[in-house]
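Here, each number is a calculation from the coordinates, and none is a lab measurement. Quantities reported herein were computed from a predicted structural model and do not represent experimental measurements. Backbone-built Cβ (ideal geometry, glycine too); neighbour counts: all protein chains shown.
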Amino acid sequence: MSADGQPEKAKTTYREAMREALREALSADDRVFLMGEDVGRYGGCFGVSLGLLEEFGPERVRDTPLSESAFVGAGIGAALAGMRPIVEIMTVNFSLLALDQIVNNAATLLHMSGGQLPVPLVIRMTTGAGRQLAAQHSHSLEGWYAHIPGIRVLAPATIEDARHMLAPALAEPDPVLIFEHGSLYNAAGELSPPATAVDIDHATIRRPGTDISLITYGGSLPKALAAADELSTEGINAEVVDLRTLRPLDDEAITATVARTHRAVIVDEAWRTGSLAAEISARIAEESFYELDAPVERVCSAEVPIPYARRLEEAALPQTADIVAAAHRAVG
Amino acid sequence: MSLARNTRSRKAPGTPKPAKTAAKKTPTSKKSPTSKRTGRTEVPAAGPDAVHRMDLLAAMLRIRRFEERCVELYSAAKIRGFVHLYIGEEAVAVGVNEALYPEDAVVSTYREHGHALARGIPAEAVMAEMFGRTTGCSGGRGGSMHLFDASRRFYGGNAIVAGGLPLAAGLALADRMRDQPRVTCCFFGDGAFAEGEFHETANLAVLWNLPLLLVCENNLYAMGTALERHEAQTDLAMRAASYGMVAWAVDGMDVEAVEHAARRATEAIRGGAGPHFLEARTYRFRAHSMYDPDRYRDKEEIERWKTRDPVNQLMDRMREDDELGDEELTGIEHRVTDEVDRAVETAEQAPEEPVEDLLLHVTSAPAEAR
Ligand SMILES: Cc1ncc(C[n+]2csc(CCOP(=O)(O)OP(=O)(O)O)c2C)c(N)n1
């Protein structure tokens, strides 16, 4: 307890929160195991699983060869046989080598089998740019997965979500993909006990507002919040909606926020063409057209493979200033 | 340990005929005098070996007649989609399945009617699936290429070439992690050898010592591409052995040879020896699918292979050994034809899923509804 009688808030990082979630999952259920490239001895290529090998042993913190398709498929098979695997893919870019297993097996087996074969599998991977890793390590393809019926797609954007999304994901009977934005791992903050389960069915409002809705998720949330701060200094009261779950999308939350503010900016680090931002725009046009006082604005990545050079990379990605500018256009 | 070896056809000149000794040497622990397939309870004078052969014959004929009916139904437009027939390859499914227990798992491809029937999925459920009916083994959502039966641990029905291999490794991994003495058997074609998923899975399986039986049905063609035009190295057992697993090639037209080899493999796997590879050298008598005009093979080649028809070969052998009379054969034929007739009849009458149920089984029902 702290001096004011409130429960102590623990200082932690997104990375440590994720690790704590894994530790909790591995401790709570012996059907759970973690599998992926370098998750064991190396400690995870982003350090997320550091120390777990020592704690749980090489059977349950299982290093795999560089075989994305085989170990993701093995995760599916193990899930079918009653285990609760957590498969880590280093980044979404490499998940393309396992696309067949994810799309043609994990997402379809329940349906093709007439409901006989649910696949209770969690796949974690990093996504996103911002660390000068150039094109093959920087793309945001979670929207592609959100296109696929049969899987649930999550994007924890906060330390709390990093800590508490894994448990409900593991409780799902169906495949769940968790996208961790690479720039969030070092985010530090306070995590308030007691542990609360995170709702993986609904979007959440990270900052209530009345004048405009900034709709976003994952690595773009901090930028949207910073934009909202900046807008508030001008007297524009922005609501920031964190989608949290990219599939299924929380239509009600989107409709409700637009009904409150009548203006929307969608911030999505993926490319604009065929993006999740495009989908959300379409849904607003379908459901909330008469609520709108201005055209929907989108802030997405430039249509270019993400470049290495710092200045170019920054220019390619949605930035706080871009969000503020979009909000200005909408507010007019 | 690695062993690449070819078990030549026992009909090959100069090869001794070890059929009966092979069958005797392998304990048939799960066998009882009551045949699970023919339902026969009488023990014929010829003894348990003959009963067993009769079972094998009935099982192969059941697949053969089932698929012949599929051809008719397809021509009559009663069943649609891609339909890949197994005719000519029956000895592989039947022989391998003899070595498997109910608690083992089977992963298959789009050419899986034979695997499904040999696994014990009722012909009615398979046929109803072809008709797209609710009573089908996949509720009408899978069709010919996606047969599933969770209760029999039959995990498809995968139409992505090599796509079932990683899945099979995972089923085997789960058993290994929980010390379950079960085998996962994965069927795939020679075409799968060119896919990375085969090699990734072989590597993983040996690294992790998985209880996995890889059965490659080498029918010499991947659609219209002959083996030597799609594989740089056509000795498949040797390639599998290069991963450090025990690998054999066996005459896939000889059901007893397949059974014998599969038993050796599954017994070793159950004993903890890790993954085994079995190449069954076989041939499909019909085209790749119902759409295929089969222009890439000589008629002469097909006819040559038909002289080694697995059903006829076993019948000949049984007649030679006085184990099969005309009356018994007629009896088996009647039973399987009746079964197929009944399957078609019930499938035709089975209800279709209402369109309102279209979106069922995309994700699981919410917890409160489960
Ligand atoms: C990944 C993939 N590529 C292509 C196809 C199209 N296709 C279906 S069957 C087939 C040939 C496969 O041959 P093989 O593995 O030898 O099996 P067989 O049909 O002879 O039993 C091809 C190319 C497919 N289904 N999946």
ask   = So if we plug the beta-carbon distance of A:N186 and A:D293 into 1/(1 + (r/R0)^6) with R0 = 35 Å, what FRET efficiency do we get, rounded to 0.05?
value = 0.35
inquiry  = Please report the spacing between the Cα centers of the stretch B:346-362 and the stretch A:9-40 in Å, no decimals.
reply    = 42 Å
key: Loop sites in the stretch B:267-335: chymotrypsin sites (Phe, Trp or Tyr not before Pro), DSSP, at most 13 other Cβ within 10 Å   = B:Y291
ask   = Between the helical axis of A:251-261 and the dominant principal axis of chain A, each derived from Cα atoms, what acute angle in degrees is found, rounded to the nearest 10?
value = 30 degrees
remark   = Between A:R131 and B:H334, the FRET efficiency computed from the C-beta separation at R0 = 45 Å comes out, to the nearest 0.05, as 0.05
message = With the crude spin-label approximation of a point 7 Å out along Cα→Cβ, what separation in nm comes out for A:R329 versus B:H230?
response = 5.1 nm
remark   = Those helices of chain B passing the 18 Å axial Cα length cut-off and the mean Kyte-Doolittle cut-off of 0.5 (DSSP H runs only) are B:164-177
note = Given GluC sites (Glu not before Pro), DSSP loops and at most 15 other Cβ atoms within 10 Å, the longest exposed-site-free stretch of chain B is B:104-351
note = Restricting to Cα pairs under 8 Å and 6 or more apart, the percent relative contact order of the stretch B:238-357 works out to 21 percent
query = In the stretch A:20-83, which GluC sites (Glu not before Pro) are in a loop and have at most 15 other Cβ atoms within 10 Å, using DSSP for the loop call?
reply = A:E59
key: Relative contact order for chain B, counting Cα pairs under 8 Å that sit 6 or more residues apart, in percent   = 23 percent
request  = Largest first and in whole Å, give the semi-axes of chain B's equivalent ellipsoid, each being the square root of 5 times a Cα gyration tensor eigenvalue.
outcome  = 29, 27, 22
task = Just grab the label-to-label distance for A:I205 and B:D298, each label 7 Å out from Cα along the Cβ direction, in nm (one decimal).
result = 7.9 nm
key: Antiparallel %, DSSP beta bridges [both residues in the protein assembly as shown], to 5   = 15 percent
inquiry  = Between 0 and 90 degrees, rounded to the nearest ten: what's the tilt of helix A:68-80 against the longest Cα principal axis of chain A?
reply    = 80 degrees
task = Go ahead and run the numbers for FRET between A:V304 and B:D179, Cβ-Cβ distance against an R0 of 45 Å, rounding to 0.05.
result = 0.30
message = Can you compute the helix-only [θ] at 222 nm over the protein assembly as shown? Use -39500 (n - 2.57) per DSSP H run of at least 4 residues, normalise by all residues, nearest 500 deg cm²/dmol.
response = -11500 deg cm²/dmol
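In which sequence would A:S138, B:S289 go, from the one with the fewest C-beta neighbours within 10 Å to the one with the most?
By the 10 Å Cβ count, ascending: B:S289, A:S138.
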message = Need the C-alpha centroid separation for the stretch B:250-264 versus the stretch B:207-243, integer Å.
response = 17 Å
request  = May I have the count of lysine pairs in the protein assembly as shown with C-alpha atoms under 22 Å apart, counting pairs 8 or more residues apart or located on different chains?
outcome  = 12
key: Approximate spin-label separation B:F285-A:D38, in nm, with each point projected 7 Å along Cα-to-Cβ   = 5.6 nm
Alpha carbon centroid spacing (whole Å) that separates the stretch B:326-344 from the stretch A:59-122 = 42 Å
note = Treating every alpha carbon of the protein assembly as shown as one equal point scatterer without solvent, the Debye formula yields log10 I(q)/I(0) values at q = 0.06, 0.10 Å⁻¹ of -0.41, -0.96
